[in-house]
Amino acid sequence: MANDDVNNDRGRLTANELIELLGLEPLPEEGGFYRETFRSPRRLPAGSMGSEYDGERNALTAIYFLVTPASPSAWHILPSDEVFLWHGGAPVRMLRLPPKGPAEPITLGVDFAAGQRPQAVVPGGVWQGCRLEDGAGPGWALLSCLVAPGFDFADFHVATPAEVAELAARFPEHAAEVERLAPRG
């Protein structure tokens, strides 16, 4: 089953129409478009999560996240775990770069025979970025991202040019992809 055949009503919409319908805004520094849809009222005390957190956090947050060819998700890292759920549009190529071990490419989508999966987990402390699969789908992909402990901009770090160069050197077989997902301005 091709991704274009899934959820045909959504496949006919443009990225701009989805941005308007879902009330999405540009995600600062990283790229893509988002809207927070849930922030747990449960709070985790600062001492319960590790030294990476400077204060208490919500237990869980959720967002819609839209990726387009002009607005991929640039390299970033969080101390929290992220779970991405693919909802529709083009397949998404995600690359996880852990502190130790090999790079971990994943394709989010529903062409299971081609190795795509509708969900991906990015553990805390792992660099990640994603973009649309080249030449596929309607020019956008809609995902949700769940973050636990909940997302806080204080925890969010986008790669610097020096960090992008370091990642490209550490993962030479993926250097072109690392450069492609470098933050834009």
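The values are calculated or read from the model by the stated rules, or taken from the named source; none is laboratory data. Just so you know, these numbers come straight off a predicted model, no measurement behind them. Heads up, the Cβs are rebuilt from the backbone with ideal geometry, glycines too, and the neighbour counts pull from every protein chain shown.
Structure notes:
- Qualifying positions in region 112-143 - in contact with a Phe, Trp or Tyr (Cβ under 6 Å, 6 or more places away or on another chain) and assigned to a strand (DSSP E or B): Ala120, Trp127, Gly129, Leu143
- Check on Pro123, modelled with pLDDT under 95 and either surrounded by 15 or more Cβ atoms within 10 Å (Cβ to Cβ) or farther than 19 Å from Pro69 by Cβ (or both): no
- Single unsatisfied condition, Ala46 versus (1) of a type in the set (A, V, I, L, M); (2) out of contact with any Lys or Arg (no Cβ under 7 Å at 6 or more places or on another chain); (3) surrounded by fewer than 19 Cβ atoms within 10 Å (Cβ to Cβ); (4) at pLDDT 95 or above: (4)
- The residue pairs whose first member lies in region 16-30 and is surrounded by 14 or more Cβ atoms within 10 Å (Cβ to Cβ), whose second member is among the β-branched types (Val, Ile, Thr) and part of a strand (DSSP E or B), and whose beta carbons are closer than 8 Å, counting only pairs six or more residues apart or on different chains, are Glu29/Val158; Glu30/Val158.
- Selection from region 61-79 of residues that are buried (at least 19 other Cβ atoms within 10 Å of the Cβ), out of contact with any helix residue (DSSP H, G or I) (no Cβ under 7 Å at 6 or more places or on another chain) and in a loop (DSSP other than H, G, I, E, B): Pro72
- Residues in region 87-141 that are touching a residue at least 60 places away in the same chain (Cβ under 8 Å) and among the aliphatic types (A, V, I, L, M) were compared, and the one that is nearest to Glu173 (Cα to Cα) is Ala103.
- Those residues of region 85-110 which are surrounded by 18 or more Cβ atoms within 10 Å (Cβ to Cβ) and assigned to a strand (DSSP E or B), in sequence order: Trp86, Gly88, Gly89, Val92, Arg93, Met94, Leu95, Arg96, Leu97, Ile106, Thr107, Leu108
- The residues in region 11-43 that are modelled with pLDDT under 95 and more than 15 Å from Ser71 (Cα to Cα) can be counted, and the count is 3.
- Inclusion of Ala169 among residues that are in contact with a helix residue (DSSP H, G or I) (Cβ under 9 Å, 6 or more places away or on another chain) and without any contact (Cβ under 8 Å) to a residue 12 or more places away in the chain is warranted.
- Tally, over region 134-163, of residues that are under 22 Å from Thr107 (Cβ atoms) and modelled with pLDDT of 95 or more: 9
- Exclusive hit being part of a loop (DSSP other than H, G, I, E, B) and touching a strand residue (DSSP E or B) at 6+ places or on another chain (Cβ under 8 Å), set Glu30, Glu36, Glu52, Glu82: Glu30
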